[in-house]
1. Gap in Å between the Cα centre of the stretch 179-197 and the Cα centre of the stretch 13-31?
2. Could you tell me the distance between the Cα centroids of the stretch 51-106 and the stretch 110-126, to the nearest Å?
3. Please tell me the relative contact order of the stretch 105-197 in percent, rounded to the nearest whole number, where contacts are Cα pairs under 8 Å and at least six residues apart.
4. Can you give me the relative contact order of the chain as a percent, contacts being Cα pairs under 8 Å and 6 or more apart?
5. Please list, in order along the stretch 139-149, the HN-Hα scalar couplings obtained from phi with the Karplus expression 6.51 cos²θ - 1.76 cosθ + 1.60 (θ = phi - 60°), rounded to whole Hz, x for Gly and Pro.
6. Of (i) 20.4; (ii) 19.7; (iii) 17.1, which one was derived for Kirkwood radius over Cα pairs in Å from the structure shown?
7. Name the long-range amide H neighbours of D142: under 5 Å, sequence gap of 5 or more, or other chain; modelled H, no Pro or chain starts.
8. Which order, highest average first, do 20-26, 5-11 follow once you tally other Cβ atoms within 10 Å for each residue and take the mean per peptide?
Amino acid sequence: MSFVQPELPYSLGALQPFLHEEQMQFHYGKHQAAYFTKLNVLLDGKPEAKSPLKEVIVGAAAGPIFNNAAQAWNHDFFWHCMSPTGGGDPKGDVLKAIDRDFGGYDKFKQTFSEKAANLFGSGWAWLAADKSGKLEIMALKDADTPLKHERTPILTLDVWEHAYYIDYRNLRPKFIEGFWSKVNWDFAAKNLDDSSK
């Protein structure tokens, strides 16, 4: 096995009541695990099997290898975008950048939530930084990721139905609202700092 699914940064039940253990068992234990399994089958015996996952994503053409590599990576990034002790408002450089590029945290939160809710079908809502450090919100379909658009991911929310359907059924906006109670601003701050290096 060339690519191994990383462990969650917390226990399966640690995000309750936002996400219950059953939801996480299926999302982490079934969905993300399947992306790693399929990717390893697709790359078996190929040179890309020895490359870092990010390099596979950036170099892959549209199709099964990209889809499974990106979904494997996107999910690991997403798990770190939440924390059992998360929530609240951003501080420091993240807040300054949000104020600068969105006109305040409330406007950012509203725009991000709307883009996440209105993304048709499956995909991801991303906060990303361009090469100059300017932040933008990207609503990307299916497995797409800012890595393919020369952007640095800062924060993401998975809006595939499998991310929320056990806990929220078809109520995606309610799931999005709950995300803000667990959002990991410390992780976002680290990503923003790394984007300027």
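Since every read-out is calculated from the coordinates, none of them should be taken as a lab result. Quick caveat: nothing in here was measured; it's all calculated off a predicted structure. So basically every Cβ, Gly included, is an ideal-geometry build from the backbone, and we count neighbours across all protein chains shown.
1. The stretch 13-31 and the stretch 179-197 have Cα centres spaced 21 Å from each other.
2. Going from one Cα centre to the other spans 14 Å.
3. Working: 131 pairs, mean separation 26.3, N = 93.
Taking the mean separation of contacting Cα pairs over the length of the stretch 105-197, I get 28 percent.
4. Values: 289 pairs, mean separation 49.3, N = 197.
Across the chain, relative contact order equals 25 percent.
5. Per-residue couplings from phi come out as 9, 10, 6, 6, 9, 4, 9, x, 4, 7, 10 Hz.
6. Read-out from the structure maps to (iii).
7. Answer set, sorted by chain and number: S122, G123, W124.
8. On the way: 20-26: 15.9, 5-11: 14.0.
The most tightly packed comes first, giving 20-26, 5-11.
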